[in-house]
Amino acid sequence: MATHSTTTRAVPEQTRDGGVRVIGRANRYRRSRRSELVIWWREIDRVLLALVMLLVVIGAVAVAASSPASAHRLSTPLKTLSDLHFFWLHLRWLAFGLLTMFLASILPRETARRLAILLAAAMIVGLVLVPLVGTEVKGARRWLNVGISLQPSEFLKPGFAIALAWILSWRVRDPKIPVMALSMVLMGLVGALLMAQPDFGSTVLFLAVWFVLVLLSGLSLKRIGMTVGGGLAVLALAYVFYPNATHRIDSFLFGGSEFDQVDLAMRTLLNGGWGGTGLWLGTRKMALPEAHTDYIFSVIGEEFGLIACGVIVVLYCAIVMRVLLRLLDEDDLFTVLAAAGLTAQLAGQAFINILVNLQLFPSKGMTLPLISYGGSSTIALLLGVGFLLAITRRNPYLSRETFGSKDRTRDRAKEPVAS
């Protein structure tokens, strides 16, 4: 009686010396997966990845330095947190975030775009639900409890940048499409939902990303002036009618509890001098609120010195410059806008946080990207980096071939035409 074999079919493969080697389907699958990883490694921007990983490592050390201060402040008579409580939690979130970044970075560009747009739509729905069923912390309702504490605005950041770039790139297909009006509708919807929480800082950041992308998409100087004027008018109206904005701006200009925190952060930042006091030797950080999140830059200044703070600023600038160099010869409008939007979101949040610590900007309650402790924020930021790596992936051989073909075309143009 005939039996059906369940063994893996063998497939012949020719070797380099002309012989034949038989490989199984399982081996072919493993080789295929290895090939995909090799292709990913060749196409990805390894310099950008190295800069990001360097900031992540610096962030892990900084969270370890700031964890004792926050652990002591949040300990109660019933529960005492260990000095490295937030450090161990940060490593868990960081591991999950790095896995998310890797999975996003191996996606094809079109798949990354679709996933980011779906993410943006889901997070806008989440923002609608936040005022209704969200969790309130320190007077702000920004989180959804879905088994874990999820902050929709954090995950909206990468999705918003890519979705906005997608809308603005429609003008290439049909110049008659009102992309400017559609982008304003999207920005207005997101801004209204964020202000309802209230989250004035994130609203400013989203508005800045929107302005950068609209500017890069080819907006006329007249419209740029109108947009800037409109932004200033919105800021004035927010100061007059929005108590959260009024309180933050007044605290920055005239002093107050939040100004006192920023002043303490500035004193902590300068306490270490150029070289710092050394790891776990800082003293002012123990009185600093949110030392592991909003004011971690000041903890770095105290324990590692102003030189370390300068290195961090240089690393953020290097990320921006690297992305810009990567986009110099890019001819796809969506790729340019999406990469620029993701970079503007990352760098904008970083420099707002740094300026707050330097007492040069009103307190925003915004973390330092890739460095501060965070759950939703850490995963969302690394997801955004993954999308950025996926969008800026290039075939190195194809780019060299294109460059060579341009040279050959130029050489042919110089040759005399035969009569």
Students often check this: by mean Cβ neighbours within 10 Å, which of 94-101, 197-204 ranks highest, and how do the rest follow? 197-204, 94-101
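Taking a 23 Å limit on the Cα-Cα distance, which of the listed pairs Lys157/Lys364; Lys222/Lys364; Lys176/Lys222; Lys157/Lys285 fall beyond it? Working shown, then result.
Working: Lys157/Lys364 16 Å; Lys222/Lys364 31 Å; Lys176/Lys222 19 Å; Lys157/Lys285 30 Å.
With Cα atoms farther than 23 Å apart: Lys222/Lys364; Lys157/Lys285.
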Per-peptide average of other Cβ atoms within 10 Å, ordering 169-176, 354-361 highest first: 354-361, 169-176
Using the Cβ atoms and a cut-off under 13 Å, what net charge is assigned to the surroundings of Gly159, where Lys and Arg are +1 and Asp and Glu are -1? +2
Semi-axes, largest first, in whole Å: what does sqrt of 5 times each Cα gyration tensor eigenvalue give for the stretch 65-158? 31, 21, 9
Output the peptides 312-323, 69-80 sorted from most to least packed, where packing is the average of other Cβ atoms within 10 Å over each peptide's residues. 312-323, 69-80
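Rounded, prolate or oblate: which fits the stretch 253-347, taking a ≥ b ≥ c as square roots of the Cα gyration tensor eigenvalues, rounded meaning a/c under 1.5, else prolate when a/b beats b/c? Each step should come with its number before you reach the end.
Values: a/c = 3.64, a/b = 2.04, b/c = 1.78.
Judged from the Cα gyration tensor, the stretch 253-347 comes out prolate (a/c at least 1.5, a/b above b/c).
Bear in mind these aren't lab numbers, they're just calculated from the coordinates by the rules spelled out. Note that the structure is a prediction, hence the values are computed from the model and not measured. Because the Cβ atoms are built from the backbone with ideal geometry, glycine has one as well, and the counts that use them run over all protein chains shown.
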